[in-house]
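Novice: Right, I'll just put the structure down here and ask away after.
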Amino acid sequence: MLAHNLASRYETSMATKTKSRGVKRQPPKAPQRAKVKAVKALKVAKPAKAAKAAKPAKPAKPAKVGRAAKVAKPMFEKVAFTMFSVTDPMRARAFYEGVLGLTRGLASPSGTWTEYDLPGGGCLALFCHPDPAFARGPGGASVALEVADLDALNARLQAAGVVYQGGMIHGPRCRMSNILDSEGNALILHQLAGK
């Protein structure tokens, strides 16, 4: 439309100039060509027909997985330690060190906090809250300890009078025994199949 208006103005201005000079001239060919090109351009840019239905939107592509995707650093890296509440720290230490044979690591002199770092990784902590009003009772969780020889350990613990909860559990890839520590916390003795 704009091109058509421009071409019409040009023709009108040329006609006016020609009449004012008294000479009858033809407009130059170049502007005529511009008018034709402008009209052809208008014909090419036709609006879409209203009868056609709009195409449905394509579903969103799933997020990239792998190297191409930017992955946020995880907030959690590993289990720092597993903690059991105890009411008698000396009795608990006697169980974990004397009966289970764990080596004590970091410990407070009062027995409020005792750690046992396991050789393959992980830390078991015993906590005796200094204020009994806020202390949690034992038995709120269980820890699975990986062992090298479950049969030998079970024989030794049974001879020491350790309390078992049920018999041996046979899983598809492991065997387990459930015991209680001196404070009533549940421990799972776990051995992978093939060991």
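Novice: Residues being farther than 14 Å from I179 by Cβ and not acidic (D, E): count how many of those fall in the stretch 142-162.
Specialist: Looking only at the stretch 142-162, we keep the residues that are farther than 14 Å from I179 by Cβ, and these are 146, 148-149, 151-152.
Adding the requirement that they be not acidic (D, E) leaves 148, 152.
Here the count works out to 2.
Novice: Could you identify the single residue in D149, D181 that is out of contact with any Cys (no Cβ under 6 Å at 6 or more places or on another chain) and over 15 Å from M83 (Cα atoms)?
Specialist: On the way: D181 fails: over 15 Å from M83 (Cα atoms).
D149 is the lone residue from the list that is out of contact with any Cys (no Cβ under 6 Å at 6 or more places or on another chain) and over 15 Å from M83 (Cα atoms).
Novice: Continuing with the same structure: Are any residues in the stretch 157-195 touching a strand residue (DSSP E or B) at 6+ places or on another chain (Cβ under 8 Å) and on the phi > 0 side of the Ramachandran plot, and if so, which ones?
Specialist: G166
Novice: Report, ordered by the first and then the second residue, all pairs with beta carbons closer than 6 Å, sequence separation of six or more or different chains, a first member in the stretch 174-187 that is closer than 10 Å to S142 by Cα, and a second member that is among the β-branched types (V, I, T).
Specialist: Here the result reads N178/I188; I179/V162; L180/V163; L187/V143; L187/I179, each pair linking the stretch 174-187 to a residue that is among the β-branched types (V, I, T).
Novice: Of everything in the stretch 66-108 that's modelled with pLDDT of 90 or more and surrounded by fewer than 13 Cβ atoms within 10 Å (Cβ to Cβ), which residue is farthest from N185 (Cα to Cα)?
Specialist: The extreme case among them is L106.
Novice: Can you find, within the stretch 109-131, the residue that is surrounded by the most Cβ atoms within 10 Å (Cβ to Cβ) among those that are under 22 Å from L153 (Cβ atoms) and free of Cβ contacts under 8 Å to residues at least 40 places away in the same chain? Can you show your working first?
Specialist: Step one: of the stretch 109-131, the residues under 22 Å from L153 (Cβ atoms) are 114-126.
Then drop every residue that is not free of Cβ contacts under 8 Å to residues at least 40 places away in the same chain, which leaves 114-121.
Working: T114: 24, E115: 17, Y116: 22, D117: 15, L118: 13, P119: 7, G120: 6, G121: 9.
If we take residues in the stretch 109-131 being under 22 Å from L153 (Cβ atoms) and free of Cβ contacts under 8 Å to residues at least 40 places away in the same chain, then T114 is surrounded by the most Cβ atoms within 10 Å (Cβ to Cβ).
Novice: Further question: If we keep just the residues of the stretch 172-193 that are assigned to a strand (DSSP E or B) and of a type in the set (G, A, S), which is surrounded by the most Cβ atoms within 10 Å (Cβ to Cβ)? Show your work before the answer.
Specialist: Applying the first criterion (assigned to a strand (DSSP E or B)) to the stretch 172-193 yields 174-180, 186-192.
Keeping just the survivors that are of a type in the set (G, A, S) gives 177, 186.
Details: S177: 23, A186: 17.
Here the answer is S177.
The values are calculated or read from the model by the stated rules, or taken from the named source; none is laboratory data. Nothing here was measured: the structure is a model prediction, and the numbers come from that model. Every residue, glycine among them, receives a Cβ derived from its backbone with ideal geometry; neighbour counts consider all protein chains shown.
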